Structures are given as C-alpha cells and as structure tokens.
1. Can you name the residue in the stretch 135-179 that is charged (D, E, K, R) and surrounded by 18 or more Cβ atoms within 10 Å (Cβ to Cβ) and, of all such residues, is nearest to H220 (Cα to Cα)?
2. Among S265, S286, S312, which is surrounded by fewer than 17 Cβ atoms within 10 Å (Cβ to Cβ), more than 28 Å from F189 (Cβ to Cβ) and touching an Asp or Glu at 6+ places or on another chain (Cβ under 7 Å)?
3. R247 - would you say it is closer than 30 Å to S114 by Cβ, basic (K, R) and buried (at least 19 other Cβ atoms within 10 Å of the Cβ)?
4. Would you mention how many residues in the stretch 320-346 are touching a Gly at 6+ places or on another chain (Cβ under 9 Å) and either charged (D, E, K, R) or assigned to a helix (DSSP H, G or I) (or both)?
5. Can L339 be described as modelled with pLDDT of 95 or more and either surrounded by 15 or more Cβ atoms within 10 Å (Cβ to Cβ) or among the charged types (D, E, K, R) (or both)?
6. Taking the options F363, F318, name whichever one is under 26 Å from N280 (Cα atoms) and among the aromatic types (F, W, Y).
7. Only one residue in E356, E389, E350, E385 is acidic (D, E), modelled with pLDDT of 50 or more, farther than 23 Å from Q213 by Cβ and exposed (fewer than 15 other Cβ atoms within 10 Å of the Cβ). Which one?
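The values are calculated or read from the model by the stated rules, or taken from the named source; none is laboratory data. Source: prediction; values computed, not measured. Methodologically, a virtual Cβ is constructed for each residue, glycine included, from the backbone with ideal geometry; neighbour enumeration extends over all protein chains shown.
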Amino acid sequence: MSRQLEPRSPSGLLLHPPPGLSSAGARRCRSLPSKRLLLPDGGSAEPPSAAKCARLSAAAVEAGAPSPSPSPSPSPSPSSSPDFLSAPGSPCLPVGGAPPSLSSPEGGGEEGPSLLAGYLLLPLPDREHLSRALEVNTGKELRCKVFPLKHYQDKIRPYIQLPSHRNITGIVEVILGETKAYVFFDKDFGDMHSYVRSCKRLPEQEAARLFKQIVSAVAHCHQSAIVLGDLKLRKFVFSSEERSQLRLESLEDTHIIKGEDDALSDKHGCPAYVSPEILNTTGTYSGKSADVWSLGVMLYTLLVGRYPFHDSDPTTLFSKIRRGQFCIPDHVSPKARCLIRSLLRREPSERLTAAEILLHPWFDAVLELGYADQDTRAFDQVVPEKLNEDDDISSFFC
C-alpha cells in the first residue's frame, strides 16, 4: 500500500467523536481495539507473535496456508488429520478433496479461504459477511467482519461509544486494507436463533437465565443512548461451548440517539419482530419501546417454540401484528405469561422499559433453587402448532 500509517492513539479509530460524547465520556468507554495497516504483500505493519502452535499449523496446511517452516512439506490428506479448530457448522475441507487455493481478501473474487496479516480467514456459509479467523502463530480463533473502508468508522462507532458489558461483544482488533476494513471479534459458539430451532422450545429455567442476559444487554444499550432497532434472537451468540453465557454480537445497525429523544423513522427489520407502531406510523416512533416489543417476541419464542405472530403472507402477518392478538399455551407459567403480556402491548407507552423487565418477579421465581418447569413432557402435544408436510416453516423464523 502506498500510504503509511502514522502512529496514533486508540482514539484514532474514530475520526470524529460520537455526538454528545465528551472527553470524560470517552474515558468511560470500553478499551479501544488495536489497529494495524495491511501491507501490499499481505503482511502487517506489526510483527506476529513468536508463539507457535503445531496443531494450528497442521490445520492451516490442510486449508492451503503456507507452512511456517522454510521448506513446507506436502499437505496431508484431510481425511488423515482432523480439523482441530472446527466448530459445529464451520466450513471444513471435503474429504478426499484438494485444498483450496489461498488469495488475498483484498483481491475480491469468489468467497473462499484467504490469508490476512497472519490470519487464515474461512468464510462461514451460514453467517453472511462473517469468517472464522485463525491466527496462524498462536492458534487463537476469532471472528472477522469485513466492511468497506470508507464506511467502517460508522459501523464500529457504537462499539467504541458503548461502555464495556459482559453480554455485549467488543472489538479485538481492526486491520485496514486498501479498500476494506477487517474487524475482529471474539469467537462465538452459535447463535440463539439456531439453538431455539434445534430445541423447539426452552424450559422456563433455562429461558429465564438466557433471557435475563439478553435484557441486560438491551438495557445497557438504552442507558448508553443506543437503540438496537433490528433486534432478534439471531443477534445473540453464545460465548462458550457450555451455552450458558450470551452476548449481543452485532451493533452495526444500531442508532445512536441524543439525550432522551429516541424517536426513529427507520422501518427496516425482521417482519416477525416488528412492532405495531412501526407498521401504523408514517412519522416517527419510540425506538426503545420498539426494542421492548422485540424482546416480547423473543421471550414468547423461547418459551413456546414459534413466533407469537406468523404467516407466510406478509400482508396477513402485519395485520395480525397490528391487532396485537396472540395465544399463550397453557404450559407457560402465570408469571411468564404476565411478563409476555407486559411487553407485547399495542400501546408503546404501556410497555415495560428494558430496565424494568429485569425487576419482574418471574426471574426470581424461576431461577430460585428447586423450580420445576411445568408440563415439559406435554410439549410435543402443544407446541409448535401442527404443520402440514408442504408448509414452509422457514417463514416462522428470521
């Protein structure tokens, strides 16, 4: 690359501070990530760590990455050596197939494995614009999102403004190429959307534990002048293989508001999670209240296994949402039913705030020792609704 990167403080990630953020406010923000410049040969302006990982080196050779040794030996057959770092659902080489060729991600072309400043990037087929990032020298696995260089500062601005929170992901590193910015995050272990689909529905104790973390993240964003907008289960991922810890992994589509004015006019979002006032309002609506409606849809889906409002025809779906009428199966406990109805209210001003949700007695009642979920064995007879063989269940989920 022709231009050189001048040494900067971490605050250089943003050319302009967020609106209303003072220097004192900046000091309260999360630790800012490091930034590197991608050199023309694919290297980095920062030397790689001296630590080595033989297992990762073997996996990298299988994927087509050059071996760290001066004279690399022929790569072994993928069937003879396991992929030590593959996570469920991650891309692996086909058994018996030839390793793909590696290229620079700056070169464009087809999606495939590529090398970037000491990282082996492997696109995740089920996660758009997201790749596994394997650090060749240390064995550490991260996630990498790619943004156009001219837009990346706007995309990462909410991450920089938001104070650190255990249920919200933070940026680990930013690498700048000639046309793209590569933003690295901690590895995740699957998203809540996929998890709920695989489980059909969650026992109330597990749902309460995970939903409390979701609400905690949303309340933290609201308190920090950030409205999430397109809020849904897919945006929450697991931080560990035990699937006990959640974090909000996407802040790119959020809205930074000024003061207490959370009026929004943006209409985009997942149809199943959209609130009635967004459908009915031609002007602005309360972004925080719309987020709370989405939380109600999420809680219902966790406990019931389907959306409270669903239809393959968008017009019919929006008509159901406008009416705000839904049924809660009998297996849902009274306190959970109360909370759901406190969130899915047609009138935005009547909904609980995210901070108030955390005070609801359902959490204490369900999370206390010895709580027994109601009617768990009757689930298959109640939820989800019986579908015909030709019904498309994909329309039930975003």
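1. So, considering only residues that are charged (D, E, K, R) and surrounded by 18 or more Cβ atoms within 10 Å (Cβ to Cβ), the one nearest to H220 (Cα to Cα) is R157.
2. Just a single option satisfies the conditions, and that option is S312.
3. Details: closer than 30 Å to S114 by Cβ: yes; basic (K, R): yes; buried (at least 19 other Cβ atoms within 10 Å of the Cβ): yes.
Judged against the criteria, R247 is a match.
4. Summing the residues that are touching a Gly at 6+ places or on another chain (Cβ under 9 Å) and either charged (D, E, K, R) or assigned to a helix (DSSP H, G or I) (or both) in the stretch 320-346 gives 7.
5. For L339, the condition - modelled with pLDDT of 95 or more and either surrounded by 15 or more Cβ atoms within 10 Å (Cβ to Cβ) or among the charged types (D, E, K, R) (or both) - is met.
6. On the way: F363 fails: under 26 Å from N280 (Cα atoms).
Matching residue, one of F363, F318: F318.
7. Within the list E356, E389, E350, E385, the selection yields E350.
Residues are listed down the side, and each one gets a yes or a no for (1) over 20 Å from L233 (Cβ atoms); (2) touching a helix residue (DSSP H, G or I) at 6+ places or on another chain (Cβ under 7 Å); (3) free of Cβ contacts under 8 Å to residues at least 12 places away in the same chain:
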residue	(1), (2), (3)
D126	no, no, no
K140	yes, no, yes
K155	yes, no, no
V172	yes, no, no
V183	yes, yes, no
A217	no, no, no
C221	no, no, no
